[in-house]
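Below is one structure; the comments refer to it alone.
Coordinate-derived values only; no laboratory data. This structure is a prediction, so every number in the text was calculated from the model and none was measured. Neighbour counts run over all protein chains shown; Cβ positions are idealised from the backbone, glycine included.
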Amino acid sequence: MLAELCQKSQVTIPEEIIIKLGLSEGDKLDVFEKDGTICLMPVTVYPKKYLNEIKEELNNVKAKIASGEQPVFDSVDALFDKLEAE
């Protein structure tokens, strides 16, 4: 498929690709060059507040694991065995 570089360095992505990837207006794309090729990669952008909440939760879990308060399982099966026993 050919696309033409238009005014303001804009390129129209063919509809077939938009549909195949499930993209819609407003979606974010990372644009980068690799080995002489222009690459577009769909990305999800999360608000900093959301990321900070996740970091805080991870730090809390790490602290619980370190203190022995949070059980750690070697496998998913071990986790389910524990849950079924309760």
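What to note about this one:
- Restricting attention to segment 28-54, the residues that are surrounded by 10 or more Cβ atoms within 10 Å (Cβ to Cβ), over 15 Å from the mean Cα position of the chain (by Cα) and more than 28 Å from residue 18 (Cα to Cα) add up to 2.
- Qualifying residue in segment 13-31 (condition: hydrophobic (A, V, I, L, M, F, W, C), touching a strand residue (DSSP E or B) at 6+ places or on another chain (Cβ under 8 Å) and assigned to a helix (DSSP H, G or I)): yes
- Enumeration of residues in segment 35-81 that are touching a Phe, Trp or Tyr at 6+ places or on another chain (Cβ under 7 Å) and assigned to a helix (DSSP H, G or I): 79
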